[in-house]
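Report on one structure; see the data block that follows.
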Amino acid sequence: IACYTDDVAENGIALSSLYSAYANTLKTLGFYIDAAEAYSQTLALTDSKEFYFQRGFCLLQSGSYADAIADFTKCIELDYETAFAHFQRALCHCATYDYYAAINDFKVYEEAFPEKTDSFLYMGLCYQNVGLYGYAITYYYKCIEANISPSSCYFNIGNCYYSDDDYANAIDAY
């Protein structure tokens with residue numbers, strides 16, 4: 001990028017392509033903050049919806065949740081990778097304790113991919129955190145059926161029953 005000249009541009013390599021390749025490399029290496037900045041440079045040169053998603057992912061990984069939410073929202077508005085953008089945005093909402101927003105985003109993802117199980121544990125945790133224990137228990141049992149952290153799920157099921165003053169079922173789950 002530092003060596004970029006008009007010569008290079010005349011040979012068909014755009015500066016935005018160099019920034020995106022640089023950003024992709026940084027992301028692959030786990031340098032998410034630097035990658036997000038490189039994606040920002042790319043977006044300044046070319047308004048590509050793919051780069052909002054990529055930058056949002058890097059921002060999520062680096063803990064910049066509000067900025068990541070903005071990028072995933074932009075993806076959804078532009079109809080780019082919508083279901084995946086909802087999933088990633090839901091993760092941001094979980095990290096910021098906005099469980100109702102997370103539940104809504106995870107529902108969109110589940111509707112798009114009913115066979116996928118990667119949102120089940122998150123949904124159980126979100127429902128548990130907002131006190132909707134019946135829904136939480138349903139998702140924890142889905143996790144158990146899919147062999148996703150069964151011991152943790154039984155523990156959380158016990159906690160849900162306990163919070164609902166259903167001690168007999170809590171003991172069974174524990």
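Nothing in this text is a laboratory measurement; each read-out follows from the coordinates by a stated rule. Keep in mind it's a predicted model, so treat the numbers as computed, not measured. Neighbour counts run over all protein chains shown; Cβ positions are idealised from the backbone, glycine included.
Say we join alpha carbon atoms closer than 10 Å with springs in a Gaussian network model of the chain; which of ALA83, ALA23, ALA112 then has the biggest fluctuation?
Of the options given, ALA112 has the highest mean-square fluctuation.
Return the sequence-ordered ³J(HN,Hα) values of segment 21-30 in whole Hz as given by the Karplus equation 6.51 cos²θ - 1.76 cosθ + 1.60 applied to θ = phi - 60°, using x for Gly and Pro.
Per residue, the Karplus-derived 3J(HN,Hα) values read 5, 4, 4, 4, 5, 4, 5, 4, 7, x Hz.
Angle, helix 82-95 long axis vs. longest principal axis of the chain, Cα atoms, 0 to 90°, nearest 10?
Value to nearest ten degrees: 70.
Which loop GluC sites (Glu not before Pro) in segment 80-174, with loop taken from DSSP, have no more than 16 other Cβ atoms within 10 angstrom of their Cβ?
GLU115
Calculated from the structure, log10 I(q)/I(0) by the Debye sum over Cα atoms at q = 0.09, 0.14, 0.17 Å⁻¹ equals which of [x] -0.30, -0.76, -1.18; [y] -0.42, -0.79, -0.99; [z] -0.63, -0.92, -1.04?
[y]
Compute the length gained on full extension between SER151 and THR73: take 0.36 nm times their separation in residues and subtract their Cα-Cα distance, giving the result in nm to one decimal. Present the calculation step by step, with values, prior to reporting the outcome.
Details: separation 78, 0.36 × 78 = 28.08 nm, distance 3.49 nm.
So the chain would gain 24.6 nm between SER151 and THR73.
How high is the relative contact order of the chain, in percent, counting Cα pairs under 8 Å that sit 6 or more residues apart?
Over the chain, the number comes to 10 percent.
Under a crude label model (7 Å from the Cα following the beta-carbon direction), how far is ASP166 from ASP118 in nanometres?
Label at ASP166, label at ASP118, 3.1 nm between them.
As I understand it, the value is the acute angle between the Cα axis of helix 133-145 and the longest principal axis of the Cα atoms of the chain; what does it come to in degrees, rounded to 10?
70
Can you tell me the order of 62-71, 41-50, 118-127, 161-170 when each peptide is scored by its average per-residue count of other Cβ atoms within 10 angstrom, highest first?
Going from most to least packed, we get 118-127, 62-71, 41-50, 161-170.
Roughly what would the spin-label model give for TYR141 and GLU111, points 7 Å off Cα along C-beta, in nm?
So the two model labels end up 2.4 nm from each other.
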